[in-house]
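**Student:** Below is one structure. I have some questions about it.
The values are calculated or read from the model by the stated rules, or taken from the named source; none is laboratory data. Being a predicted model, the structure only gives us computed values, none of them experimental. Heads up, the Cβs are rebuilt from the backbone with ideal geometry, glycines too, and the neighbour counts pull from every protein chain shown. In case anyone asks, the SASA skips ligands and DNA or RNA and just uses the protein heavy atoms, side chains included. Shrake-Rupley method; radii C 1.70, N 1.55, O 1.52, S 1.80 Å.
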Amino acid sequence: MGVLFFVRLIRISTLLFIGKGDFLIAGLNAMSEEEKEKIDTFRLNRFMGKMMYVISGGMLLLFLYRFYNYSLVLALALLLLVVPTIFIAIFTFNFDRFRK
C-alpha cells in the first residue's frame, strides 16, 4: 500500500513539474480568471513539482524506516517532510514571486 501511495505521489509531482497540474493547486483554483492571467502558472507548477519530489523522498524514507528502524532515517524523513512544507507555505504565501 505504501509503494502504491509513493508511486501516485511521484506521478502527481511529475504532472506538476511539467506544468500541467494547475488544477491541483487550491489557491490557484480559488482565483478569478483575471487574477489567474497575471500569474506565471508554469513557474508555479515547476516550483510545486520540485517541492513535491522532496516531500516524496521524505515519504520514501519514512516507509524505509518501518523496515530498518534506524533513527537517522527517521530524522532525515521528518526533515524532508516538515522543512519543505514550511518553506512552501512561506514562499508561496504571496503570489508576487510568480507574477508575469
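**Student:** Could you count how many residues in region 41-56 are open to solvent by 80 Å² or more (accessible area, probe 1.4 Å) and either of a type in the set (V, I, T) or farther than 18 Å from V83 by Cα (or both)?
**Tutor:** Total satisfying the criteria: 2.
**Student:** Going through region 14-43 one residue at a time, which ones are part of a helix (DSSP H, G or I), hydroxyl-bearing (S, T, Y) and closer than 16 Å to K100 by Cβ?
**Tutor:** If the condition is that a residue be part of a helix (DSSP H, G or I), hydroxyl-bearing (S, T, Y) and closer than 16 Å to K100 by Cβ, then T41 is the only one that fits.
**Student:** When you look at K38, is it open to solvent by 80 Å² or more (accessible area, probe 1.4 Å) and more than 11 Å from the chain's Cα centre (by Cα), yes or no?
**Tutor:** yes
**Student:** Contact list please: Cβ distance under 7 Å, first residue in region 75-95 and more than 19 Å from M59 (Cα to Cα) and touching a residue at least 40 places away in the same chain (Cβ under 8 Å), second residue assigned to a helix (DSSP H, G or I) and open to solvent by 80 Å² or more (accessible area, probe 1.4 Å), pairs at least six apart or on different chains.
**Tutor:** Correct list of pairs: F91/R97.
**Student:** Name the residues in region 57-93 that are outside any helix (DSSP H, G or I), at negative phi and open to solvent by 80 Å² or more (accessible area, probe 1.4 Å), would you?
**Tutor:** Correct list: Y70, F93.
**Student:** Additional query: I'm trying to understand the selection: among the residues of region 1-26, which are open to solvent by less than 60 Å² (accessible area, probe 1.4 Å) and over 28 Å from L61 (Cβ atoms)?
**Tutor:** Across region 1-26, the qualifying residue is only D22.
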